[in-house]
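Here the structure comes first, spelled out in structure tokens, and everything after it is commentary.
The values are calculated or read from the model by the stated rules, or taken from the named source; none is laboratory data. None of the values given here were measured: they were computed from a predicted structure. Cβ atoms come from the backbone with ideal geometry, glycine included; neighbour counts cover every protein chain shown. Just the protein is used for accessible areas: all its heavy atoms, side chains included, with ligands, DNA and RNA removed. Shrake-Rupley method; radii C 1.70, N 1.55, O 1.52, S 1.80 Å.
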Amino acid sequence: MSEAERFFVRFWGVRGSYPTPGAHTVRHGGNTACIEVQAGAHTLILDAGSGIIRLGEDLLSRAPDQPLDLSLLITHAHSDHLIGFPFFSPLFERRAAIDIFGPTLQGRTIERILTPLMSPPYFPVDMHTLPSQRRFHTITSEQCIAWRPGADSQPCVMDDTRADDEADLLVFAKFTQSHPLNGALHYRVEYAGHSIVYATDVEWDTECDPEFLTFARGADLLIHDAQYTAEDYAASKHGFGHSTVTMATDVARDAQVGALILFHHEPNYDDTQLDALEKTAQASFPRSRSACEGMTIDMLATSL
């Protein structure tokens, strides 16, 4: 397959809340949220949980001494989605150019959110001294990011009603207030006539937001928060900002998506419990799978 024809998703971190390494998580993985998307010549990274550490090392090894253009899309500022950022190897490489996107939270732009993570006294290396090129972009709901064809194409943020007709890759954003205390962004990635929706850290409670259903409608792949069992949610997790498996399958069915990936696994659930949750999901929405580290999905395949 040529570079221009590729569109795939690879999971580097699938847990929520905090990393959980060990024998009980060896099959699904213990790293927190990080997903790689390769769309033609473009490399997108969704969130910077602990999974981004191995991803960064892998990216550098794929093309030694070659320019590396990356786009990092952050959903929100909770530590499980940012904990790997200071250890992301491309940040320390002069050949790396990284566009970083994210929301404004508590009045702070994404640059102001990330900079303290790599500033003394919290970290021994000051971000301002790093050799990589970094460009920060604040993105709001109902905006989109567009890339034109070519590996050297720089992304442009625009109102989603002005989506670039010449763009070969588009990412749309949708903000939700359902994750305390400041909300989170969802992303929809569209390339080569196919689409991925990334909706982590969300709680639908009694029903899904109709605007989100419109946002996700018809996506080939929905990656959705499914942290809790219905029993745990009812007992003590209501209001924590995360969904049950049933909430995720309801959204998948109502939005008429092609396939569902259960994501942001509860750190206290072992591999056996996650296997059981996958079966529960499949009983309601047959094309459901539980996210595992290393799992790769070819979006251009005839069957996901």
Next item on the list: Identify, by number, the condition in (1) among the hydrophobic types (A, V, I, L, M, F, W, C); (2) surrounded by 20 or more Cβ atoms within 10 Å (Cβ to Cβ); (3) in contact with a Ser or Thr (Cβ under 8 Å, 6 or more places away or on another chain); (4) closer than 17 Å to residue 46 by Cα that residue 96 doesn't meet.
Entry: (4)
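Can you confirm whether residue 111 is farther than 30 Å from residue 244 by Cβ and among the charged types (D, E, K, R)? Quick ask: steps written out before the conclusion?
On the way: farther than 30 Å from residue 244 by Cβ: yes; among the charged types (D, E, K, R): yes.
When the stated conditions are applied, residue 111 passes them.
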Next item on the list: Looking only at the stretch 183-202, count how many residues are open to solvent by 20 Å² or more (accessible area, probe 1.4 Å) and among the aliphatic types (A, V, I, L, M).
Entry: 1
Notebook entry, point to check: So which residues in the stretch 282-304 are within 16 Å of residue 28 (Cα to Cα) and either open to solvent by less than 60 Å² (accessible area, probe 1.4 Å) or hydroxyl-bearing (Ser, Thr, Tyr) (or both)?
Noted result: 288, 290, 291, 292, 293, 294, 295, 296, 297
Next item on the list: Among the residues of the stretch 101-160, count how many are touching a strand residue (DSSP E or B) at 6+ places or on another chain (Cβ under 8 Å) and closer than 22 Å to residue 174 by Cα.
Entry: 29
Checklist line | Of residues in the stretch 114-139 being in contact with a Pro (Cβ under 9 Å, 6 or more places away or on another chain) and among the polar types (S, T, N, Q), the one most open to solvent (accessible area, probe 1.4 Å) | finding: 138
Checklist line | Near pairs, Cβ below 8 angstrom, 6+ apart or cross-chain, from the stretch 269-282 (farther than 14 Å from residue 228 by Cβ) to any residue that is assigned to a helix (DSSP H, G or I) | finding: 270/24; 270/25; 271/24; 271/25
Margin query: Being surrounded by 24 or more Cβ atoms within 10 Å (Cβ to Cβ) and out of contact with any Gly (no Cβ under 9 Å at 6 or more places or on another chain) is the filter here; which residues of the stretch 223-243 pass it?
Written below: 223, 224, 226, 228, 243
Check: What single numbered condition from (1) over 20 Å from residue 12 (Cβ atoms); (2) open to solvent by 10 Å² or more (accessible area, probe 1.4 Å); (3) under 16 Å from the mean Cα position of the chain (by Cα) fails to hold for residue 250?
Finding: (3)
Note to self: With touching a residue at least 60 places away in the same chain (Cβ under 8 Å) and within 19 Å of the chain's Cα centre (by Cα) as the only criterion, which of 155, 90, 86 stands out?
What the structure shows: 155
Note to self: Being open to solvent by less than 10 Å² (accessible area, probe 1.4 Å) and touching a Ser or Thr at 6+ places or on another chain (Cβ under 6 Å) is true for just one of 40, 56, 51. Which residue is that?
What the structure shows: 56
Next item on the list: Restricting attention to the stretch 97-122, report how many residues are in a loop (DSSP other than H, G, I, E, B) and in contact (Cβ under 8 Å) with a residue 12 or more places away in the chain.
Entry: 4
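Across the stretch 1-19, what is the number of residues that are in contact with a Pro (Cβ under 6 Å, 6 or more places away or on another chain) and open to solvent by 10 Å² or more (accessible area, probe 1.4 Å)?
Of the residues in that region, 2 qualify.
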